[in-house]
1. If R0 is 35 Å, what FRET efficiency do you get for ALA55 and VAL9 from their C-beta distance, rounded to 0.05?
2. Highest first, please rank the peptides 28-36, 83-91, 67-75 by the mean number of other Cβ atoms sitting within 10 Å of their residues.
3. Placing unit charges on C-beta atoms (Lys and Arg positive, Asp and Glu negative, everything else neutral), compute the dipole magnitude of segment 1-76 about its Cα centre in debye, rounded to 20.
4. Test of understanding: what is the full-extension gain from ARG35 to ALA123, defined as 0.36 nm times their sequence separation minus their Cα-Cα distance?
5. Would you mind calculating the gained length between LEU102 and ILE77 on full extension (0.36 nm times residue separation, minus the Cα-Cα distance), in nm to one decimal?
Amino acid sequence: MEQKNWARVRELVGYYRYDTDAELAKLNEIWELDRVFTNYYLPQQKLIFKQRNGAKVTKRHDVATTPHHRAIVHVGIRRRPVITMNAEFKRLKPAALSRHILALTGDLEVLAQAKKAPRARAAVNHAWNDSGWRRKPYEATS
């Protein structure tokens with residue numbers, strides 16, 4: 001997910017500033033559910049070949065598969081993690097997972113919008129600033 005982190009993060013939680021503990025808790029819930037959704041249901045293509053001929057770049061990608069499937073067919077993985085991943089995959093309900101993520105992002109947006117607005121700047125004393133202590137633009141500088 002690191003390769004697509006910026007797009008995925010902004011797509012999911014938007015551009016608000018999240019800096020409270022409640023928002024952090026919601027973000028952590030969202031990231032955990034998104035990790036599960038991404039690894040089990042979002043297929044990705046991996047670059048398998050890249051060749052440069054002058055200015056032309058030729059790229060070839062493999063067939064799009066999920067990270068879950070890639071892990072299962074990997075030759076170095078042991079049997080116990082495969083059984084664990086398959087059991088978790090069978091328990092998942094993608095529509096319910098997606099609705100839960102959507103509800104949490106809605107709650108996060110409400111939290112972000114409910115925060116106090118930034119403090120207004122102090123009023124400028126125009127009587128002091130315009131009292132003539134500064135040079136006027138039409139005065140000579142020498």
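What follows is calculated from the coordinates using simple rules that are stated; it is not laboratory data. Being a predicted model, the structure only gives us computed values, none of them experimental. Cβ: placed from backbone, ideal geometry, glycine included. Neighbour counts: every protein chain shown.
1. Working: r = 33 Å, r/R0 = 0.94.
Between ALA55 and VAL9 the formula returns 0.60.
2. On the way: 28-36: 15.4, 83-91: 11.3, 67-75: 13.4.
By packing density, highest mean first, the sequence is 28-36, 67-75, 83-91.
3. Using Cβ point charges on Lys, Arg, Asp and Glu, segment 1-76 gives about 800 debye.
4. Details: separation 88, 0.36 × 88 = 31.68 nm, distance 4.76 nm.
In short, 26.9 nm is gained.
5. Between LEU102 and ILE77, full extension yields 5.7 nm more.
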